[in-house]
Structures are given as C-alpha cells and as structure tokens.
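Nothing in this text is a laboratory measurement; each read-out follows from the coordinates by a stated rule. These numbers were taken from a predicted model, which means no experiment stands behind them. Methodologically, a virtual Cβ is constructed for each residue, glycine included, from the backbone with ideal geometry; neighbour enumeration extends over all protein chains shown.
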C-alpha cells in the first residue's frame, strides 16, 4: 500500500492545478468556455478508453482532475464530474457497440454533453419509486414523466433516462434509455436558483410522448435499476473529490488571510492556529479516503463502502472547513466580496446530490452489518 502519489500522478495533479488556475474562470454564468477548454485538453473523456476517443487515464487521475477544478470553480467540476461518471459511463459499461459508435467519441471529445435523469419528486433517495413511464410501442417506447434536479438539464445533448415499463414489478420493471436533446416532447424547465453550484444548470426534464427507438434502450429491459445503482459509486467518488477541492480552497484562503493579519501586526491567537491544524489534518484524512476509494474502483473490486465513506466524510468536511474558516476570518469573510461564503454554499450542495450523506451512512452501515 502506497500513501504517496506516484511521480506520474503527482505530475498530473500539478498539470490540472496549473490548468485550473490559469484557464478556468470564476464567473457567474454557465461555464461553457471552461468546458470547451477542458474538452480541448481531452479532460471531458479523461478516464475513457482510447479506442472510444478518451485519454485512457485511470480513475485516480480523473479524481485528481475533479479535485483541482473544484478548487477553482466547483460548478465546472460538478458539470464535468456528472458528464463523465453518470453521463458517459452508462454507455461505456452497458452500451452496445452500435450505441458506443454513435455517441461515445462525441462525449469523450466534449462535442456532446452527457446527463443522468433519475431523480423525481417522489423518487429521490428511493430510486425504485420512480413514476416516469415507458410504454412499449411499435419500434420503440413512449416516455412520459418528469425528472427533477437534473445537472446540465437543458444543456446536455444526451440524457440517460430511467423509466418503468411495468410498475407491478417494482425496481425490476425499470429500464434505461438514451434520449437525445431535441426530440419532440422533451423539454427542460428553467434552471433552479440554488444555494450553491449556481453556474451549473439544474432543471426539470419533462417528457410527453417522447418516442425513443428500441435501439436506444440501454441494456436489457428491466435492467435499469441495476444500471443506475452500479454507476453511483463512481459518481460519489467524484463528488467526494469536489469536497476535497472546496475544503482546500477555503483552508488556503484562510491561511493566507491570517498570514496577512500577522504581517499587519494582528497575530492570530493559539486557538486559531489550533483550528487550522485540525482542519488541515482532517483534510489529509479525507484525501486518503477519497484516493483509496478511487484506487479500489480502478482495481475492479466492489467499492460501495469506500465510495460512500469518502463521499460523506469529504463533503461534510468541506462544509465544516468553510464554516470554521468564516469564523476565523470574521465579518469580512461572510460578505459576497470574499470567496468563503461561496465555498460554504457550494460545499452544502455536495452533501445532498449523488445521494444525500444520510444515504451514504445507510450504505456503510448496511455493508458493515451484512458483511
């Protein structure tokens, strides 16, 4: 077991850090230019096989990318993470060769943006309770229903949509479909006004008799729930990496702020120094959890426990670090002129999406009790 990044991974992390700091903007609007720059570097398909247009990098390298992007712009990190993990991996893992040839290179090159449409009003944490229906018709399916809180809603070119073909069968009646932007009957609502990650588009996706050809069903009929659940571990590791980036950004800002205070003669007290030490130590612990989860996933072993531990620890920590850093910096840090309030709001969002942190604790407990 190696607790130190290899020379290769350390060099990639430095590459991503330089890219994020020099080419990623921190604006207020949808970060389209950031995504275009990432695509030009091959980052939109970083962990995808070269045979399908990707860079062929391992999952730890991808995790390092999300961490560094999120340190500078968490919304850009979130969009890219969703695009890659749950937006592209369903096609990579479960798509036919014909489906892959049609879409995968475009996703890997950033010519297409991927999204994952699972959540509904009555089916958030309980994904098996979804109501969106898929009625079999000649040559395909008609999809009807509404999905909520879809990252990149309205911006994405390809949605992996989950709908039930037979409600009587519960989760065994759910199937997955590749749904292209622009199909008749497919509409996106207005982007939600969120607490954090406001540069990303999060919308409803409504479907009214959206015809999807049978060739765009992903996997076997009834395999949708299995597909959705199998993808969440990788997605959660990506969100954990966002937590690392946000926690590090808040801690770096506060450390620099306190150094400036010391130079100006307002030396921080021992309590502040101890708080910094505690936060830095917890950040290192979180980093080890996240990198380990990425390594276990890359090995091909089951990683649900590791992914959930990493997700809830790193994102809970991001909120705690941002909170304590606001306390340390005082009133100036809480205003909109400084970044700490933004880090807090972005971090709060990471506790909720890709499975709330309460759900992550259920996953860990279930693994312990059933193991």
* **Relative contact order (%) - the range 183-248, alpha-carbon pairs under 8 angstrom, separation at least six** => 27
* Listing 237, 174, 362, 331 from the residue with the fewest other Cβ atoms within 10 Å to the one with the most, what is the order? -> 331, 362, 174, 237
* To do: Would you mind calculating the relative contact order of the range 114-222 from Cα pairs under 8 angstrom and at least 6 residues apart, reporting the percent as a whole number?
  => 32
* Structure fact -> With the 8 Å Cα cutoff and a minimum separation of six or more residues, the chain has a relative contact order in percent of 16
* **Largest-first principal axis extents, alpha carbons of the range 271-352, Å** => 47, 26, 14
* Asked: Based on DSSP, what percent of beta bridges with both residues in the chain are antiparallel, to the nearest 5?
  -> 85
* Asked: Looking at the range 227-370 from every direction and averaging, what is the projected area of its Cα convex hull in nm²?
  -> 9.5
* On average over all directions, what projected area in square nanometres does the chain have, based on the convex hull of its Cα atoms? -> 19.2
* **Sorted by Cβ density within 10 Å, fewest first, the residues 291, 93, 257** => 93, 257, 291
* Asked: So what's the range 111-166 giving for Cα Rg divided by 2.2 N^0.38 Å, two decimals?
  -> 1.18
* Asked: Mind checking the log10 I(q)/I(0) for the range 7-108 at q = 0.14 Å⁻¹? Debye, one equal scatterer per Cα, no solvent, two decimals.
  -> -0.51
* Helix-derived mean residue ellipticity, 222 nm - over the chain, DSSP H n ≥ 4, -39500 (n - 2.57), to 500 -> -18000 deg cm²/dmol
* To do: Among DSSP beta bridges lying fully in the range 114-222, give the percent that are antiparallel, nearest 5.
  => 85
* **Label-point separation in nm, residue 271 to residue 369, each point 7 Å along Cα→Cβ** => 4.0
* For an R0 of 45 angstrom, estimate the FRET efficiency from the Cβ-Cβ distance between residue 8 and residue 121 and round to the nearest 0.05. => 0.50
* To do: Kindly put 64, 258 in sequence by how many other C-beta atoms sit within 10 Å of each C-beta, fewest to most.
  => 258, 64
* When only alpha-carbon atoms count, how far does the range 78-182 stretch along each of its three principal axes, as whole angstroms with the largest first? -> 40, 32, 25
